[in-house]
Amino acid sequence: MATQDMVKGPASYFPSIEKKYGKPIAHWMQVLEEAGPHKHMELVNHLKTEHQLGHGHANALVAAFMAKA
């Protein structure tokens, strides 16, 4: 993969998130949607405490989720 084609930002974590937790990114976006309107770190903490995600993975998912809003 050429450098210009490499995924950057939060999405660069998506393959490892799917591999480690066995769920597609769409699942995590739905979890965040159902969590309701919260601030960034509140959503990160939700993923960490309720779904046992690591901080970096949770942060990447929330960043991508909030960028869509």
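The values are calculated or read from the model by the stated rules, or taken from the named source; none is laboratory data. Just so you know, these numbers come straight off a predicted model, no measurement behind them. Reconstructed Cβ throughout: ideal geometry from the backbone, glycine too, with neighbour counts over all protein chains shown.
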Residue that is farthest from the chain's Cα centre (by Cα), among those in region 7-27 that are surrounded by 12 or more Cβ atoms within 10 Å (Cβ to Cβ) and in contact (Cβ under 8 Å) with a residue 40 or more places away in the chain: Ser16
Which residue pairs have Cβ atoms closer than 9 Å, lie 6 or more positions apart in sequence or on different chains, and pair a first residue in region 41-69 that is modelled with pLDDT of 95 or more with a second residue that is among the polar types (S, T, N, Q)? Met41/Asn59; Val44/Asn59; Leu47/Asn59; His57/Ser16; Ala58/Asn45; Ala60/Ser12
Among the residues of region 24-55, count how many are under 16 Å from Phe65 (Cα atoms) and either outside any helix (DSSP H, G or I) or aromatic (Phe, Trp, Tyr) (or both). 7
Those residues that are closer than 19 Å to Ser12 by Cβ, surrounded by 12 or more Cβ atoms within 10 Å (Cβ to Cβ) and not aliphatic (A, V, I, L, M), I need them from region 28-69; list them, please. Trp28, His40, Gly54, Gly56, His57, Asn59, Phe65
Every residue in region 1-14 that is within 19 Å of Lys68 (Cβ to Cβ) and either part of a helix (DSSP H, G or I) or modelled with pLDDT of 95 or more (or both), please. Gly9, Pro10, Ala11, Ser12, Tyr13, Phe14
Consider Ile17 carefully, then state whether it is in contact with a His (Cβ under 7 Å, 6 or more places away or on another chain) and closer than 22 Å to Ala69 by Cα. yes
